[in-house]
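Notes for the one structure printed next.
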Amino acid sequence: MWKVERLADHVHLGQSQFRASLRAQYSPGMFHGKTKEENKQLKTVFSKDLKCRCSMILKKLMEKYDKNINEISKDLPKVLDATLRCYGGDCTQCHEYSIVCKGDDALNWWSRSHYLSTYQITALQMDKTDKFLLQEILKMKLTTAALESMKLYDNTNKNEGVHRALSVNLPKNVIYSKNMEGRLASGVHRNNNMPGTSTQLKCTNLGVELSERSKRYLKKMDTDFQYNQDYILRPEVQKRRLQQNAERLAEHKTWREMNKKHDYYCKGQLDPQPALQFQDHDSYCKPKLPRPAAD
């Protein structure tokens, strides 16, 4: 008998962590914001940082132990405790167990994280309830049970990529009652081969003779397609993309600070304003001159 086992996607699980942190009712003094709106923004930034940190910890552990679940499970309790202490301001265990934080002034998570360093979050004033909530959110990824559900350390990006590629030939808003199977087969053939090669093979089977110029163009199409796929996976490109995201985050923070006092939006600003007070008809007429006195 086949045994079906449902496994978790670590990317979607990180999104669930982010949403759980947004829903968590932290204490009002946990963040250093002066207003409720600032604390709400800092809470969103902290939730993003929490998701990224857990993903990085899991990635480092998978690389260190070559996806050996038993070896990783031995370190998880210490990693969880060190991460919780680090967010509370205690980095005494970070050098040995935190994986991503060295614990010193130069290489700690507070300066390494783009989210925390941009918004100048250097410590969290957590009470017992905040520590309990944060620990439960960290357990969504940093426990043995969660690790067992992610033991293949795979995601559904390939499935979603296939769905997006097939939606080019079969969009959801159009019903192809006559040639649906042909369009589906064409999309599958393009996914299994490169775009230029797929087009050339289809033309050959249909008896269409392509010119040398068309063949060179299709070959260049395949070369560009392969180059773009390899370019995205380059380490220097990924590092530059992270730096650009950090710069955009800092620019967005600066823009919010400059424009928070100049909010020109108001509800119903384009609605016409009717006269809500009754005016007598005589008020629209010209003032009458007084009649001369009778002799």
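Brief remarks on what is shown
- Residue in the stretch 152-175 that is among the charged types (D, E, K, R), farther than 30 Å from M221 by Cβ and open to solvent by less than 80 Å² (accessible area, probe 1.4 Å) present: no
- Tally of residues being more than 13 Å from C86 (Cβ to Cβ), of a type in the set (A, V, I, L, M) and out of contact with any Ser or Thr (no Cβ under 8 Å at 6 or more places or on another chain) across the stretch 105-142: 2
- Some residue of the stretch 231-243 being of a type in the set (D, E, K, R), modelled with pLDDT of 90 or more and within 30 Å of Q41 (Cα to Cα): yes
- The one condition in (1) of a type outside the set (S, T, N, Q); (2) in contact with a Pro (Cβ under 8 Å, 6 or more places away or on another chain); (3) within 30 Å of H114 (Cα to Cα) that A250 fails to fulfil: (2)
- Restricted to the stretch 168-275, the set of helices (runs of 4 or more DSSP H) holding at least 2 residues that are more than 30 Å from the chain's Cα centre (by Cα) comprises 180-192, 195-205, 212-232.
- As for the stretch 17-30, it holds at least one residue that is more than 27 Å from A146 (Cβ to Cβ) and either open to solvent by 70 Å² or more (accessible area, probe 1.4 Å) or acidic (D, E) (or both).
Condition check ((1) touching a residue at least 24 places away in the same chain (Cβ under 8 Å); (2) open to solvent by less than 10 Å² (accessible area, probe 1.4 Å); (3) closer than 15 Å to W109 by Cα) across all residues:
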| site | (1), (2), (3) |
| --- | --- |
| D49 | yes, yes, yes |
| S55 | yes, no, yes |
| L58 | yes, yes, no |
| L61 | yes, yes, no |
| L76 | yes, yes, no |
| G89 | yes, no, yes |
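- Unique match (being under 16 Å from S149 (Cα atoms) and open to solvent by 70 Å² or more (accessible area, probe 1.4 Å)) among L13, L7: L7
- In the stretch 99-113, the residues that are closer than 20 Å to F18 by Cα and either outside the structural domain of C54 (by the TED database) or surrounded by 20 or more Cβ atoms within 10 Å (Cβ to Cβ) (or both): V100, W109, S113
To keep it simple, each residue is scored yes or no on (1) over 30 Å from K36 (Cα atoms); (2) open to solvent by 60 Å² or more (accessible area, probe 1.4 Å); (3) not assigned by the TED database to the domain that holds Y115.
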| position | (1), (2), (3) |
| --- | --- |
| P195 | yes, no, yes |
| Q200 | yes, yes, yes |
| N205 | yes, yes, yes |
| E247 | no, yes, yes |
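- Taken over the stretch 137-152, residues that are in a helix (DSSP H, G or I) and in contact (Cβ under 8 Å) with a residue 60 or more places away in the chain amount to 7.
- Residue that is modelled with the highest pLDDT [pool: residues in the stretch 114-131 that are assigned to a helix (DSSP H, G or I) and farther than 12 Å from G88 by Cβ]: T129
- Of the set (1) without any contact (Cβ under 8 Å) to a residue 12 or more places away in the chain; (2) closer than 30 Å to E71 by Cα; (3) assigned to a loop (DSSP other than H, G, I, E, B), all apply to S111 but (3).
- Within the stretch 1-28, being among the aromatic types (F, W, Y) and modelled with pLDDT under 90 holds for one residue alone: W2.
The values are calculated or read from the model by the stated rules, or taken from the named source; none is laboratory data. Note that the structure is predicted; figures quoted are calculated from it, not measured. Positions of Cβ are generated from backbone atoms using ideal geometry, with glycine treated the same way; all protein chains shown enter the neighbour counts. Keep in mind that these areas ignore ligands, DNA and RNA; they rest on the heavy atoms of the full protein, side chains included. Shrake-Rupley method; radii C 1.70, N 1.55, O 1.52, S 1.80 Å.
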